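The values are calculated or read from the model by the stated rules, or taken from the named source; none is laboratory data. Everything numeric in this text was worked out from a predicted model, so none of it was measured. Positions of Cβ are generated from backbone atoms using ideal geometry, with glycine treated the same way; all protein chains shown enter the neighbour counts.
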Amino acid sequence: MLSMRLAEQSAPAGSRDVDQLVVWILDTLEFVRRNGDEWTGDGIHSPIHRILCEFMLSNPGDGWDAQTLGDELGLSPTAIQYQLGKLNECGLTSSVNRDGWRVHHLRNGSLSNAVELMAVEARLVLGQRLKLLEQYMKESQKRMSIPSEKRDSHPFHIQIKGRAPLTEEQDELDAFLTDLGLLGDKVRRPKDGSSPLGRLIFEHLLSADSPLSLDEALENWGTTRPRLTRILDRFCAAGLVERVPRLDRLPVTLWSAIGAQYGRRGTDWLMQKGGLSRIDQKVSSRIIKSLEKDSFNVAECEKIFATVEPKEQMVLLNLLGGKLPIGWRLCGASSPQVCEKVLAKVDRVFRRIKRVAETLEKAMQAD
């Protein structure tokens with residue numbers, strides 16, 4: 001059954017160093033965890049790196065059993081089998097039975113062929129798993145009323161697993177979140193048997209019409225800001241959720257900042273350093289008059305700024321020392337839109353892996 005991780009990395013442009021290219025592939029597929037592998041010399045002496053470089057890439061058409069590789073590398077067959085199992089699970093290698101041994105080899109006789117097969121299988125499995133969103137996700141055009149930011153704030157990171165039989169404590173959504181790595185490596189389940197916090201937040205996002213801010217999340221679920229941020233950023237890294245400025249909260253935030261600075265520093269400061277002189281004079285005059293009459297409230301603020309572009313409002317808020325809240329939302333109005341965006345990121349990662357694999361094969365042939 002397919003089981004793999006994808007961690008987007010910057011492509012090693014121009015490099016033809018075999019070790020560096022193999023390390024890049026292993027890092028992208030998260031085979032070597034850096035925290036526990038400092039002794040390996042950036043991963044080039046790890047067993048899985050040596051299996052690929054010294055055997056499979058050197059002779060891509062051949063196959064090896066765990067006993068042979070263990071004798072060559074000085075490791076037990078059990079340790080070798082563990083590494084080979086990871087390669088098989090991600091779809092990079094396969095195995096056949098010969099004379100009582102499992103003989104492992106690159107799929108279809110080359111690294112580039114193996115990557116191409118792996119990409120097709122991973123995309124198909126992930127696409128099928130993402131169809132589950134149709135059952136749980138509420139379609140909402142209002143959710144996307146705030147324009148998406150063009151750049152990705154998080155490197156893409158997702159886990160892809162084929163569906164296994166459910167355990168006693170799981171339902172389909174639990175299995176979905178676990179298999180895509182959305183609940184983290186160690187799932188924290190409450191002692192009272194209730195759903196993990198990650199699931200509660202994801203369920204909220206599935207039905208929400210507006211972005212979820214940290215303040216709202218704290219009010220709903222308590223816990224701490226760092227923990228909530230980690231959960232939401234994990235959803236963002238998987239491509240299902242995106243961060244957007246809470247433009248719907250802009251009038252409230254501007255009203256608070258203008259009122260606070262007027263009380264502390266007065267009209268002159270607002271017009272000069274506060275930035276009111278940067279916007280239309282009619283708008284700034286209405287603000288000052290409303291402040292002086294003590295009638296400046298949220299509704300009045302929204303009415304006054306109705307003709308001012310959101311970008312200008314955000315610049316003004318920055319000059320006033322205020323900060324616009326950030327919100328998290330699903331990256332599409334419907335499940336097909338979310339699925340399309342996630343699969344586009346998967347395709348982007350596999351295109352890089354394919355280019356690196358082809359460069360690696362040319363480098364091996366040159367050597």
Tally time: how many residues in the stretch 102-143 are more than 23 Å from the chain's Cα centre (by Cα), in a helix (DSSP H, G or I) and within 30 Å of M364 (Cα to Cα)? 8
Considering only the stretch 293-327, state which residues are more than 18 Å from S213 (Cβ to Cβ) and in contact (Cβ under 8 Å) with a residue 60 or more places away in the chain. L316, L320, G321
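Looking only at residues in the stretch 285-322 that are of a type in the set (D, E) and either over 36 Å from the mean Cα position of the chain (by Cα) or surrounded by fewer than 14 Cβ atoms within 10 Å (Cβ to Cβ) (or both), which one is farthest from Q261 (Cα to Cα)?
Ranking the qualifying residues of the stretch 285-322, first place goes to E309.
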Considering residues that are modelled with pLDDT of 90 or more, among the hydrophobic types (A, V, I, L, M, F, W, C) and part of a helix (DSSP H, G or I), the number found within the stretch 19-43 is 6
Of all residues in the stretch 1-27, count the ones that are in contact with a strand residue (DSSP E or B) (Cβ under 6 Å, 6 or more places away or on another chain), buried (at least 19 other Cβ atoms within 10 Å of the Cβ) and not aliphatic (A, V, I, L, M). 0
Among the residues of the stretch 70-101 satisfying the criterion of being surrounded by fewer than 16 Cβ atoms within 10 Å (Cβ to Cβ), of a type in the set (D, E, K, R) and outside any strand (DSSP E or B), which is nearest to the chain's Cα centre (by Cα)? E89
Looking at the structure I just gave you, is R188 within 30 Å of V349 (Cα to Cα), modelled with pLDDT of 90 or more and of a type in the set (D, E, K, R)? no
Within the stretch 178-213, residues farther than 30 Å from P147 by Cα and of a type in the set (K, R) come out as K186, R188, R189, K191
Given the conditions (1) within 22 Å of L254 (Cβ to Cβ); (2) within 17 Å of the chain's Cα centre (by Cα), every one holds for C331 apart from (1)
Condition first: over 19 Å from P155 (Cα atoms) and not in a helix (DSSP H, G or I). Now tell me which residues in the stretch 1-18 satisfy that. M1, L2, S3, G14, S15, R16, D17
The one condition S194 fails out of (1) at pLDDT below 90; (2) surrounded by 14 or more Cβ atoms within 10 Å (Cβ to Cβ) is (2)
